[in-house]
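Contents: one structure, followed by commentary.
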Amino acid sequence: MKRRGNLLIKRGAAMSEERMINTTIVITGASSGFGRGAALALAKRGANVVLAARRGEALEALAQEINADNGHALAVETDVSQPDQVERLAQAAIARFGPINVWINNVGIGALGWFWEIPVADHERLVDVNLKGVIYGAHVAMKHFIAQGFGVLINTGSVDSEVPLAFQSSYAATKAAVLSLGRTINEELRLNDYHDIKVATIMPWAVDTPWWTHAANYTGHAPRMAAMDSPEKVIEAMVKACFKPQEEIPVGWKARSSNLSHHLFPDMTEKLSANVINRSVEKAQPLAPTTGAIYTPMADTTTIDGGIRARMKQEDKAR
């Protein structure tokens with residue numbers, strides 16, 4: 001056995017929920033949505049949480065909230081599209097809390113609309129954040145994990161990782177790449193006998209978080225999606241993946257069903273999904289084109305829930 005910080009690590013031993021006390025967990029995209037919810041949930045379980053996002057003031061406020069509740073949090077303002085900032089994030093985490101046990105790549109931005117109507121600069125920005133940002137985080141985490149002999153990397157994918165959805169072309173492409181990246185790294189770990197290092201990809205259905213408000217939008221309508229899930233379901237899966245990682249984690253029956261359907265009937269699943277999304281978009285209230293928060297963060301969207309379901313109810317009632 002080897003002692004790593006406050007953890008007793010044994011070859012082949014998985015971290016249990018009870019042993020999350022004093023573990024160090026880096027969470028990108030921690031200022032809202034899944035990241036914020038996971039930070040609060042993990043801190044309550046005794047983990048040291050390192051919070052990363054572009055909104056420094058929001059991170060500091062969240063860290064103060066966690067620390068005031070007897071938790072342990074460190075805020076590090078980070079743009080994951082900048083590799084030097086991701087490296088700085090890792091070094092800050094190690095300097096404050098010691099070895100990193102879990103790294104959660106959770107940042108994700110979107111651009112909604114017909115592919116040809118979304119400016120190419122927005123497509124490029126999605127690749128910089130959703131794919132390059134995950135690669136930068138994964139690379140830093142893997143070097144650290146291999147040096148210490150253990151660790152869990154969690155990447156936030158999407159139902160789009162398996163089923164490409166209309167109006168979300170570049171987002172779907174980047175999320176498919178995130179799933180492929182995780183699968184490939186897991187195989188490379190296996191070939192090198194790194195049995196105590198795991199990579200998991202969380203694959204939620206459409207979820208009501210501020211992601212929809214943050215997305216660039218060229219549909220002409222406010223963001224809307226049928227049968228959205230609550231963020232709590234995904235947060236629970238993210239927390240569980242810290243101590244029970246699986247290569248692919250579709251969250252909820254809708255995500256599992258769409259994945260299975262796409263494996264069995266790919267063309268039919270893609271057409272049905274596109275039709276459902278098209279009808280949903282047309283029902284929403286008008287909205288002028290916007291770049292959302294993909295270039296500049298928003299100040300007042302630091303909640304876990306996005307309020308989209310509540311707005312959809314009002315729209316339906318008005319009709």
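The values are calculated or read from the model by the stated rules, or taken from the named source; none is laboratory data. What you are looking at is a predicted structure, and each value in this text was computed from that prediction instead of being measured. Cβ placement follows ideal geometry from the backbone for every residue including glycine, while neighbour counts extend to all protein chains displayed. Side chains included, ligands, DNA and RNA excluded: accessible areas come from the protein's heavy atoms. Shrake-Rupley method; radii C 1.70, N 1.55, O 1.52, S 1.80 Å.
The residue pairs whose first member lies in region 243-268 and is among the hydrophobic types (A, V, I, L, M, F, W, C) and outside any helix (DSSP H, G or I), whose second member is open to solvent by 60 Å² or more (accessible area, probe 1.4 Å) and modelled with pLDDT of 95 or more, and whose beta carbons are closer than 7 Å, counting only pairs six or more residues apart or on different chains, are 251/233.
One line per residue, one yes/no per condition, for (1) in contact with a strand residue (DSSP E or B) (Cβ under 6 Å, 6 or more places away or on another chain); (2) modelled with pLDDT under 95; (3) of a type outside the set (Val, Ile, Thr):
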| position | (1), (2), (3) |
| --- | --- |
| 121 | no, no, yes |
| 132 | no, no, yes |
| 137 | yes, no, yes |
| 145 | yes, no, yes |
| 150 | yes, no, yes |
| 163 | no, no, no |
| 166 | no, no, yes |
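For residue 94, state whether it is over 15 Å from the mean Cα position of the chain (by Cα), among the hydrophobic types (A, V, I, L, M, F, W, C) and open to solvent by less than 10 Å² (accessible area, probe 1.4 Å). Considered against the rule, which asks whether it is over 15 Å from the mean Cα position of the chain (by Cα), among the hydrophobic types (A, V, I, L, M, F, W, C) and open to solvent by less than 10 Å² (accessible area, probe 1.4 Å), residue 94 comes out as no. Only one of the listed residues (207, 163) is over 20 Å from residue 26 (Cβ atoms), among the aliphatic types (A, V, I, L, M) and touching a Phe, Trp or Tyr at 6+ places or on another chain (Cβ under 8 Å). That residue is 207.
For region 141-162, give me the residue count where each residue is on the phi < 0 side of the Ramachandran plot and over 17 Å from the mean Cα position of the chain (by Cα). Number satisfying all stated conditions: 8. So which residues in region 163-181 are over 22 Å from residue 224 (Cβ atoms) and buried (at least 24 other Cβ atoms within 10 Å of the Cβ), if there are any at all? 178 - this is the single residue of region 163-181 that is over 22 Å from residue 224 (Cβ atoms) and buried (at least 24 other Cβ atoms within 10 Å of the Cβ). Sort out which residues of region 275-286 are within 17 Å of residue 168 (Cα to Cα) and either open to solvent by 30 Å² or more (accessible area, probe 1.4 Å) or acidic (Asp, Glu) (or both), and write them in order of number. Listed by number, the residues that qualify are 275, 276, 278, 279, 282. Checking each residue in region 107-119 for being under 14 Å from the mean Cα position of the chain (by Cα) and open to solvent by less than 20 Å² (accessible area, probe 1.4 Å) picks out 109, 110. Per the conditions (1) farther than 24 Å from residue 297 by Cα; (2) touching a residue at least 24 places away in the same chain (Cβ under 8 Å); (3) outside any helix (DSSP H, G or I), the sole criterion not satisfied by residue 182 is (3). For beta carbons closer than 7 Å, sequence separation of 6+ or different chains, a first residue in region 131-146 that is more than 21 Å from residue 175 (Cβ to Cβ) and a second that is surrounded by fewer than 19 Cβ atoms within 10 Å (Cβ to Cβ), the qualifying pairs are 146/194. Looking only at region 50-90, residues that are under 21 Å from the mean Cα position of the chain (by Cα) and polar (S, T, N, Q) come to 4 in all. Taken over region 207-234, the residue count meeting the criterion of being open to solvent by 20 Å² or more (accessible area, probe 1.4 Å), farther than 20 Å from residue 176 by Cα and outside any loop (DSSP other than H, G, I, E, B) is 5.
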